[in-house]
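To start, the structure under review is shown below, and the notes come after it.
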Ligand code: NI
Ligand code: MN
């Protein structure tokens, strides 16, 4: 079994059938909804970053330095982390994929902001993205990152087993648009994310689940909760 553990907000630890450990959008130490601190995360093989906002990126550099995991993200974010002393990093861009040891990982479009947190001179402004992963053995995971609803999501129709979708509204899609995203993507399972961390993104994930209805299975996790697939 592969396993996804939600650590609050948009941070997931993905453990593959083969035992690879991949963290997506690590924001733990300052995350009021996280169940663990970065120091509690054990060894990692990969760190995937959708975009440079603090709430997706804050612990990426320290985790990369401690674990030696390969940090994959946009060319500009990778250039920034390399300037901060991260040795193992893999630059990519939107629409491009690469076959890593755990499977194929492709950066998907996201409509959102491009700041790189910690880049005080603003040298590394970049495009936000998401990740579409096809793990060795064929299981497919889509982490949408922070994004508005995009008709481009229709291109993922039938290609996603587990979709991790923001529902918080205000900074990203809200529940109504996330339901439309489910219509576009037709994933087997949806796990909502990016809600209830701050007052302005308060949502009821169970109401979202009821509204999705039979379109997909909705798994509402508590921070620290796990979904196996
Ligand atoms: Ni963001
Ligand atoms: Mn965010």
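Give me the residue from the range 42-61 that is within 12 Å of ligand 1 (Cβ to nearest atom) and surrounded by 24 or more Cβ atoms within 10 Å (Cβ to Cβ) and, out of that set, nearest to residue 144 (Cα to Cα). Residue satisfying both the conditions and the ranking: 50. Residue 24 meets all of the listed conditions (1) more than 16 Å from ligand 1 (Cβ to nearest atom); (2) surrounded by 22 or more Cβ atoms within 10 Å (Cβ to Cβ); (3) within 11 Å of the chain's Cα centre (by Cα) but one, namely (1). Between 164, 221, which is closer than 20 Å to residue 109 by Cα and modelled with pLDDT of 95 or more? Every option except 164 fails the conditions. The number of residues in the range 59-107 being more than 18 Å from residue 131 (Cβ to Cβ) and in a loop (DSSP other than H, G, I, E, B) comes to 5. Residues in the range 135-148 include none that are within 16 Å of ligand 2 (Cβ to nearest atom), over 14 Å from the mean Cα position of the chain (by Cα) and buried (at least 19 other Cβ atoms within 10 Å of the Cβ).
The single residue among 126, 108 that is within 16 Å of ligand 1 (Cβ to nearest atom), in contact with a strand residue (DSSP E or B) (Cβ under 9 Å, 6 or more places away or on another chain) and modelled with pLDDT under 95 turns out to be 126.
Can you name the residue in the range 99-111 that is over 14 Å from the mean Cα position of the chain (by Cα) and touching a residue at least 60 places away in the same chain (Cβ under 8 Å) and is also farthest from residue 170 (Cα to Cα) among such residues?
The residue in question is 101.
Selection over the range 198-216 of residues that are within 19 Å of the chain's Cα centre (by Cα) and within 30 Å of residue 19 (Cβ to Cβ) gives a count of 1. Considered as a group, the residues in the range 160-175 that are away from ligand 2 (no atom under 16 Å from the Cβ) and either part of a strand (DSSP E or B) or without any contact (Cβ under 8 Å) to a residue 24 or more places away in the chain (or both) include one that is nearest to residue 50 (Cα to Cα), and that residue is 163. Cβ separations smaller than 9 Å between residues 6+ apart or across chains give the following pairs from the range 41-64 residues that are under 16 Å from residue 166 (Cβ atoms) and free of Cβ contacts under 8 Å to residues at least 40 places away in the same chain to residues that are assigned to a helix (DSSP H, G or I) and within 8 Å of ligand 1 (Cβ to nearest atom): 49/56. Taken together, 116, 78 contain a single residue that is in contact with a helix residue (DSSP H, G or I) (Cβ under 7 Å, 6 or more places away or on another chain) and within 24 Å of residue 41 (Cβ to Cβ), which is 116.
Answer yes or no as to whether residue 129 is surrounded by fewer than 17 Cβ atoms within 10 Å (Cβ to Cβ) and either closer than 27 Å to residue 16 by Cβ or away from ligand 2 (no atom under 16 Å from the Cβ) (or both).
On the way: surrounded by fewer than 17 Cβ atoms within 10 Å (Cβ to Cβ): no; either closer than 27 Å to residue 16 by Cβ or away from ligand 2 (no atom under 16 Å from the Cβ) (or both): yes.
The answer is no for residue 129.
Among the criteria (1) part of a loop (DSSP other than H, G, I, E, B); (2) buried (at least 21 other Cβ atoms within 10 Å of the Cβ); (3) within 16 Å of ligand 1 (Cβ to nearest atom), the one residue 115 does not fulfil is (2). Taking the conditions exactly as written (away from ligand 1 (no atom under 15 Å from the Cβ), more than 16 Å from the chain's Cα centre (by Cα) and within 16 Å of residue 24 (Cβ to Cβ)), does residue 86 satisfy them or not? No: the conditions fail for residue 86. Say whether the condition of being within 15 Å of the chain's Cα centre (by Cα), over 21 Å from residue 103 (Cα atoms) and not in a loop (DSSP other than H, G, I, E, B) is met by at least one residue in the range 38-51. The answer is no, given that none of the residues of the range 38-51 is within 15 Å of the chain's Cα centre (by Cα), over 21 Å from residue 103 (Cα atoms) and not in a loop (DSSP other than H, G, I, E, B).
The values are calculated or read from the model by the stated rules, or taken from the named source; none is laboratory data. Computed from a prediction, not measured in an experiment: that's the story for all the values here. Ideal geometry is used to build each Cβ from the backbone, glycine not excepted, and the neighbour counts take in all protein chains shown.
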